[in-house]
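The values are calculated or read from the model by the stated rules, or taken from the named source; none is laboratory data. Small disclaimer: the values here were computed from a predicted structure and weren't measured. As a convention, Cβ positions derive from the backbone with ideal geometry for all residues, glycine included, and neighbour counts pool all protein chains shown. Heads up: the accessible areas ignore ligands, DNA and RNA and are worked out on the full protein's heavy atoms, side chains in. Shrake-Rupley method; radii C 1.70, N 1.55, O 1.52, S 1.80 Å.
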Amino acid sequence: MSLDNTPLLSGRPILRRTLAPIGVFVATVIVGVIGLSMLGNVGFVEATFWLVDLTSIDLHFEDHTGPERAAKAYAVLVTVGLVLTGVWIGETVVTEAFGGRIRTELSRVTMHRRIENTDDHVIVCGYGMFGRTIANRLAEADRTVVVIEIDENHAERVREDGHLLVRGDARREQVLQAAGVERATKLVAAIDDSNVNIQITIVSGTATSSPDILVRVGEEMYESVAREAGADDVIIPEVVSGERVTRLLEQPAN
């Protein structure tokens with residue numbers, strides 16, 4: 001798992017991509033106002049109005065001397081610049097819409113609000129076979145599940161299965177907070193990496209109100225470490241599977 005959910009703009013692709021054209025538009029307005037103010041020897045408010053209504057330049061120079069033609073040419077040039085940057089902004093937004101990013105952004109915001117209104121849920125960190133099996137069985141039992149996952153393929157599977165999703169690294173406190181760790185009843189560290197799951201356990205335990213923590217480890221040597229880190233229960237899938245197979249083998253043949 002890696003981080004997806006950190007800097008402000010990295011989680012908002014629409015804002016990030018429109019920042020450049022918006023910046024150019026604002027800069028064009030500022031340069032235009034300053035230039036017209038100097039050419040017409042007027043205040044910034046009046047110079048701004050000239051950009052909105054070019055005919056006001058004629059009215060001004062009827063009563064004042066100065067470089068009227070230069071002011072008009074400059075105003076036209078600035079207006080063309082504003083039109084072009086406006087088109088750039090619109091094209092960027094439309095491109096984002098057709099690229100599916102607006103829908104993705106709205107989906108992310110909606111998901112965040114749903115999680116904020118959720119409590120008594122189970123957080124599953126990692127959506128491999130182990131995590132997916134747990135999440136789906138809990139959902140079948142009418143339990144609300146919030147999955148923390150970063151891999152895009154796994155995240156898409158989370159959406160298809162209908163669970164709430166937080167994209168990010170579960171070892172980060174802010175990601176666990178986004179998943180509602182202080183309102184959850186259980187947390188399952190289900191990643192196929194014992195060290196990562198133990199780190200998740202440590203961070204989860206720092207919450208004001210931490211849930212019961214179930215940790216997956218790959219070997220028995222990690223069990224004591226996980227419990228010392230704060231795990232309430234430790235699961236070794238291979239051991240559990242082996243015990244189940246043994247019980248099946250011990251059943252009398254029909």
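Of all residues in region 47-63, those satisfying the criterion of being assigned to a helix (DSSP H, G or I), open to solvent by 50 Å² or more (accessible area, probe 1.4 Å) and not acidic (Asp, Glu) are Thr48, Phe49, Val52, Thr55, Leu59. Note on region 198-254: among residues that are more than 23 Å from Gly180 (Cβ to Cβ) and among the hydroxyl-bearing types (Ser, Thr, Tyr), the one that is nearest to the chain's Cα centre (by Cα) is Tyr222. Just so you know, in region 64-78 the residues that are out of contact with any Gly (no Cβ under 8 Å at 6 or more places or on another chain) and not in a helix (DSSP H, G or I) include one that is nearest to Phe25 (Cα to Cα), and it is Pro67. Restricting the search to region 157-176, which residues are assigned to a loop (DSSP other than H, G, I, E, B) and loosely packed, with under 15 Cβ neighbours inside 10 Å? The one that is assigned to a loop (DSSP other than H, G, I, E, B) and loosely packed, with under 15 Cβ neighbours inside 10 Å: Gly162. Scanning region 187-243 for residues that are in contact (Cβ under 8 Å) with a residue 60 or more places away in the chain and open to solvent by 70 Å² or more (accessible area, probe 1.4 Å) returns a single hit, Asp192.
Output the residue which, of all residues in region 141-153 that are part of a loop (DSSP other than H, G, I, E, B) and among the aliphatic types (A, V, I, L, M), is surrounded by the fewest Cβ atoms within 10 Å (Cβ to Cβ). Lay out the reasoning, then the answer.
In the first step, residues of region 141-153 are kept if they are part of a loop (DSSP other than H, G, I, E, B); the result is 141-144, 150-151.
Applying the additional criterion that residues be among the aliphatic types (A, V, I, L, M) yields 141, 150.
Details: Ala141: 7, Ile150: 19.
Top of the filtered list is Ala141.
Which of the residues belonging to region 17-50 are among the hydroxyl-bearing types (Ser, Thr, Tyr) and over 16 Å from Glu91 (Cβ atoms)?
Thr28, Ser37, Thr48
To keep it simple, each residue is scored yes or no on (1) assigned to a helix (DSSP H, G or I); (2) open to solvent by 50 Å² or more (accessible area, probe 1.4 Å); (3) acidic (Asp, Glu).
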{"residue": "Val80", "(1), (2), (3)": "yes, yes, no"}
{"residue": "Gly90", "(1), (2), (3)": "yes, no, no"}
{"residue": "Val93", "(1), (2), (3)": "yes, yes, no"}
{"residue": "Glu105", "(1), (2), (3)": "yes, no, yes"}
{"residue": "Arg108", "(1), (2), (3)": "yes, yes, no"}
{"residue": "Val124", "(1), (2), (3)": "no, no, no"}
{"residue": "Ala139", "(1), (2), (3)": "yes, no, no"}
{"residue": "Ala155", "(1), (2), (3)": "yes, no, no"}
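For region 177-233, a residue qualifies if it is part of a helix (DSSP H, G or I), farther than 21 Å from Asp120 by Cα and in contact with a Ser or Thr (Cβ under 7 Å, 6 or more places away or on another chain), and the qualifying residues are Tyr222, Ala226, Ala229.
Scan region 31-40 for residues that are open to solvent by 80 Å² or more (accessible area, probe 1.4 Å) and under 40 Å from the mean Cα position of the chain (by Cα) and jot them down.
Val31
All of Gly23, Gly43, Gly66, Gly11 fail the test of being open to solvent by less than 80 Å² (accessible area, probe 1.4 Å), at pLDDT 85 or above and under 42 Å from the mean Cα position of the chain (by Cα), apart from Gly23.
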